[in-house]
């Protein structure tokens, strides 16, 4: 297949089928912010607002404004999100709530740093879209908080106990590396030390001897032979691969680029379901049944991340295997997840690839992985010509 | 089908196929307590100990000793569990850990009261088996703690926020009612006021106008039209039905007995999958997709609870529909969950009834629902003659 024929497919899917769904159904023009619980046709089945998703959607509309077209309505949507995030979502101690009522009363706070991470992404990109320099300043201050908290999660209320195996999670250096890319923009040099610290911590999770990317390792990077230590999340490792690849390109480090390519390939090879197609949500590195109930489901976001990661690999390696992997995911994702009737993608399929949840938006699915991947792939296809 | 022909089936399944699995594979004779992460053949895939499950297994072996046969090895197993629970699992402030290393170092503590609840069950029944009166005393003191904490979960570290809808959860009065039954034994009158308080709180969840048992309602018993408020857990409501029925029989209250029968019937009618058989794990009361990923899976424990609940209903109502429901679950459960090769039951099936997780024990599956249901059904079948 000629990749260039897909450029228009990704552009149309993004601009005609996905972005309009969120424009039409998610915007709360009265209170600001975005509703997230949207049924197949966009109707609301809950009015709560989830701050991971409000941050991500604010980022996405700012990015569309900055990178695709300066449509005033996109900037206005980003402004509605940013205002809610700044005025309602932050507590006096700088913690960002996980969920809120539609008018901004807190419902739940996680003992994690991710609400804050997506708040930072949102404000940094919104600052560029709007020219509001104080938004960038707030993002940078919050990044310092998150950087500090990430070194000791007891600072966000997570207790630790004597019997825990000392460990580090891939999620932390990975999201920080992506955040730095988003906050730094064209000024990556300022954050070079922090970026290299994240990269070194990420590399501890990458084990060439078994072609495995572990979610959890000891502080020295050793695998942990326990339920939690053996847990693999192929989609997450694939996403980590392209986060790392962006820095490898910037730093012009071929070794790092090679590792980033491998992370995607290994995780895809292991994660692809040979029987029914699609990428498993979780696996156990030694082949036990993962304890998580949803391990064999096929979720939208690992497929979104794999689309861009494979195409990015192909753009660097020129290897036909990377192109074939991209096309395999493309065919699966567009035929299984995309909803031609109401726009956006379904989020959750069973192992056989049948839709199990009809909604388009929920507490963990918003305006993010689908449009981000469509935009990244579209732009990369344009580059490839 | 003649029910009496099944008496022997349940006895053999319990004593020859299920109990031996746990006797053989779960007992840590060195440290005390029980390993929980046991693969299909009983081999360990993690050495952590989960206190819900250690409490429940201690209870189960004590119950077998007290109600089936006074085998010294069953009392010894119960003693190993009780000793670990008393010496390792309790913190200075009386909180009970959720998970521990095999030698008893804490790994995780929940902001919930269930570890303490199963600790109480364990010590009360162990006290009757061993004659150790101080174990009963400890159970009663812990029950007072849990009773107090259950009125305000901030006492176990659960924060509350302005935007939360005031609500009460079926799980709390339901587990307390069962605990009182277990602690009181033949002396139910002592706890009559507390039991009636639990019963009244449970009844707020039962809505005849829509034949619905809600997991979450307002403090006045009104349904809550949100993601969480609409969530139904048919297996849980069925279990609540038989907990309530036991008290209805003791209190000789026909109205309560009728309600308890209805709770089981409504939840089963709504929860049974007409297409593939088996009881759904979660549903939404208004027919939206539940947000939980595993909603359409078929878990062992709702089927265990339904077996006993339907048979108990039949023993009271004599209604052929209750007998037919019992036989429908019997056929499904014995053909899908029971493992004829290695003993015990599989825990997790997909919607089609195919095994998705090969292990017999995990962080939430131990020696409890299967043997408890087999024992209760066996004894009820004997009674029915």
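Please treat every number below as a calculation from the coordinates, not as lab data. The structure presented is a predicted model; accordingly, all values stated were derived computationally and were not measured. Don't worry about glycine lacking a Cβ; one is built from the backbone with ideal geometry, like all the others, and counts go over all protein chains shown.
Which of A:120, A:224 comes first, and how do the rest follow, when ranked by fewest Cβ neighbours within 10 Å?
A:224, A:120
What ranking do A:154, B:267, B:285 get, fewest neighbouring Cβ atoms within 10 angstrom at the top?
A:154, B:285, B:267
If each residue's Cβ is checked for other Cβ atoms within 10 Å, how do B:367, B:198 rank with the fewest at the top?
Result, fewest neighbours first: B:198, B:367.
Under a 10 Å cutoff between Cα atoms, tell me which one of A:158, A:111, A:351 has the largest fluctuation in the Gaussian network model of chain A.
A:158
Run a plain Debye calculation on the stretch B:275-385 (Cα atoms as equal point scatterers, no solvent) and give log10 I(q)/I(0) at q = 0.17, 0.18 Å⁻¹, rounded to two decimals, same order as the q list.
After summing over all Cα pairs, the log10 values are -0.86, -0.95.
Tell me the mean residue ellipticity at 222 nm calculated for the protein assembly as shown from its helices only (DSSP H runs of n ≥ 4, each -39500 (n - 2.57), averaged over every residue, nearest 500).
The per-residue figure over the protein assembly as shown is -16500 deg cm²/dmol.
Could you work out how much longer the chain between residue A:209 and residue A:23 gets when fully extended? Use 0.36 nm per residue separation minus the Cα distance between them, nm to one decimal.
62.3 nm
When each copy gets a label point 7 Å from Cα toward the beta-carbon at residue A:30, what are the spacings between them in nm, shortest first?
From this label point to the equivalent ones elsewhere in the assembly: 6.4 nm.
Given R₀ = 56 Å, what would the calculated FRET efficiency be for residue B:319 paired with residue A:187, taking r from the Cβ atoms and rounding to 0.05?
Step by step, r from the Cβ atoms, then E = 0.15.
Between copies, how far does the label point of residue B:159 sit from its twins, in nm, shortest first, when each point is 7 Å from Cα along Cα→Cβ?
Label-point distances to the other copies, shortest first: 1.6 nm.
Can you list the distances in nanometres, one decimal and ascending, from the residue A:8 label point to the identical position in each other copy, with the point 7 Å along Cα to Cβ?
7.5
Write down the percent of antiparallel bridges among all DSSP beta bridges whose residues are both part of the protein assembly as shown, to the nearest 5.
About 100 percent, rounded to the nearest 5.
Expressed as a whole number of Å, what is the distance separating the alpha-carbon centroids of the stretch A:301-315 and the stretch A:324-385?
Between the Cα centre of the stretch A:324-385 and that of the stretch A:301-315, the gap is 12 Å.
Sort the protein assembly as shown into rounded, prolate or oblate with this rule: let a ≥ b ≥ c be the square roots of the eigenvalues of the Cα gyration tensor; rounded if a/c is under 1.5, and if a/c is not under 1.5, prolate when a/b is larger than b/c, oblate otherwise.
Since a/c reaches 1.5 and a/b is larger than b/c, the shape of the protein assembly as shown is classed as prolate.
Classify chain A: rounded, prolate or oblate, from the alpha-carbon gyration tensor (a ≥ b ≥ c, eigenvalue square roots; a/c under 1.5 rounded; otherwise prolate if a/b is larger than b/c)?
Rounded, because the longest to shortest axis ratio a/c is under 1.5.
Efficiency by 1/(1 + (r/R0)^6): what FRET value for residue B:254 and residue A:92, r their Cβ-Cβ distance, R0 = 60 Å, to the nearest 0.05?
0.60
Quick check on the stretch A:140-211: take the gyration tensor over C-alpha atoms, sort the square-rooted eigenvalues as a ≥ b ≥ c, and tell me if it's rounded (a/c under 1.5), prolate or oblate.
Oblate shape, in that a/c is at least 1.5 and b/c is the bigger or equal ratio.
I'd like the distance between the alpha-carbon centres of the stretch B:259-294 and the stretch A:4-54, rounded to an integer number of Å.
What the calculation gives is 30 Å, centre to centre.
So what's the gap between the Cα centers of the stretch A:104-138 and the stretch A:140-216, to the nearest angstrom?
The stretch A:104-138 and the stretch A:140-216 have Cα centres spaced 18 Å from each other.
Given the options B:258, B:360, B:298, state which has the largest fluctuation in a GNM of chain B using a 10 Å cut-off (strictly under) for Cα springs.
B:258
Please report the Cα spread of the stretch A:227-309 along all three principal axes, rounded to whole Å, starting with the longest.
Taking the Cα atoms of the stretch A:227-309, the three principal extents are 41, 25, 17 Å.
Provide the packing ranking of A:184-195, A:204-215, i.e. peptides ordered by the mean count of other C-beta atoms within 10 Å per residue, highest first.
A:204-215, A:184-195
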